[in-house]
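Read through the structure below, which is laid out as C-alpha cells, and then see the notes.
No lab work stands behind these numbers, since they all come straight from the coordinates. Model, not experiment: these values are computed from the prediction. A quick note on method: Cβ atoms are made from the backbone with ideal geometry, for glycine too, and the neighbour counts reach across all protein chains shown.
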Amino acid sequence: MARAFIGTVECRVTVDKDLGDSWAVAVIPPGQVNPPLVVKLQGVDKEKVTKGALEILQKQGKIDRFEA
C-alpha cells in the first residue's frame, strides 16, 4: 500500500477506479482538517497510476515524499 507524507505526518492514500480506464488517487491528511488531495489519471496498471499521481503531487509541492 502506498504512503504519502506531508512533513513528518503520514497520510492515507486511496486509489479508486473511476469511469473507463480512469483512476482517482487521493491523499487524505489525518483528522480531515484539510480536504483530500486528488489526482485523476488514466491507465491500466493501478500501481503505475498510483506512483504517477504521487509524483505529480510531490512535484507540485503538495506532499513532501511518498513510498509506492
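Principal-axis analysis of the Cα atoms of the chain puts helix 46-59 at an angle of about 40° to the longest axis.
When Lys and Arg each count +1 and Asp and Glu each count -1, what net charge do the other residues less than 11 Å away from SER22, Cβ to Cβ, add up to?
Details: positive: LYS17, LYS40; negative: ASP16, ASP18, ASP21.
For residues surrounding SER22, the net value is -1.
Using Cβ contacts closer than 10 Å as the measure, can you line up ILE63, ILE56 from fewest to most?
Numbers: ILE63 22, ILE56 15.
With the sparsest Cβ surroundings first, the list reads ILE56, ILE63.
Compared with the alpha-carbon gap, the fully stretched path from LYS51 to ASP18 is longer by 10.2 nm at 0.36 nm per residue.
Could you state the orientation-averaged shadow area of the convex hull built on the Cα atoms of the chain, in nm² to one decimal? Walk me through the numbers on the way to the answer.
Numbers: hull surface 16.8 nm².
Mean orientational projected area (the chain, Cα hull): 4.2 nm².
Just to be sure I understand: with springs between alpha-carbon atoms less than 10 Å apart, which residue in VAL13, VAL33, VAL44 has the highest mean-square fluctuation in the Gaussian network model of the chain? Highest fluctuation among the options: VAL33. Protection proxy ranking for 46-55, 16-25, using the average of other Cβ atoms within 10 Å per residue and placing the highest first: 46-55, 16-25.
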